[in-house]
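Heads up, the thing below is written out as structure tokens.
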Amino acid sequence: MPELQTFTLPVFPLGSVLFPGGVLPLRIFEPRYLHMVSDCIKEQHGFAVCLISDGRETGQAARFHPVGTLARIEDYDQDKSGMLHITVRGEQRVQVLASRIGTDQLVMGQALHIEPEIPTGIAERHFALVELLKQAMEEYDPEFGRAEELTDASWVSFRLAELLPLPPARRQWLLELTNPLLRLEALTQFIDELRAGEAMRH
């Protein structure tokens, strides 16, 4: 059995979940993250976005869930105050096996790549989810996604997990699922719960 290859990367614990293919704007002002972003741009490597399990985004390094997403910087701009505005895109999921905290409170992790999900078609019972996503895309961003991506269960389930009003813990659970059809089933159940809750309020 081949030995699993780990790699080192910075970890950015956040109060939100980044999914593969997702886009996340971030405001960077702490010195540790300004240095991290500078290194990532210079060396052309990414960092892991992981959901906080205990602690805060600022100040002392927070504890985080080990499964996160590799983020690549797509755009950046610094304003007059020194605040850095960056846009990252989620790539492959990663699992942080071990980590250490630097003197500047930047977390460096030893991680493994999680294999991308095999492209899987959308079952007929999930066609309603695709229609829901289409409506949301037209409302928020008409340029969001391509028609062929709407036939892939992973892509559809990740985009819905971003758009639906889910608590962070549930988003994290959906990120950690490795079967896109199970993710779509879970999203269907959540939408049913939302609709039932709304019906009771009326």
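The values are calculated or read from the model by the stated rules, or taken from the named source; none is laboratory data. What you see is a predicted model, and the numbers here were worked out from it, not measured in a lab. What goes into the accessible areas is simple: the full protein's heavy atoms, side chains included, and nothing from ligands, DNA or RNA. Shrake-Rupley method; radii C 1.70, N 1.55, O 1.52, S 1.80 Å.
Tallying residues that are over 20 Å from the mean Cα position of the chain (by Cα) and at pLDDT 70 or above within the range 135-150 yields 3. Any chance the range 29-45 includes a residue that's open to solvent by 50 Å² or more (accessible area, probe 1.4 Å) and within 22 Å of Pro167 (Cα to Cα)? No, the range 29-45 contains no residue that is open to solvent by 50 Å² or more (accessible area, probe 1.4 Å) and within 22 Å of Pro167 (Cα to Cα). With respect to the conditions (1) open to solvent by 10 Å² or more (accessible area, probe 1.4 Å); (2) closer than 28 Å to Glu149 by Cα, Leu4 falls short on a single one, namely (2).
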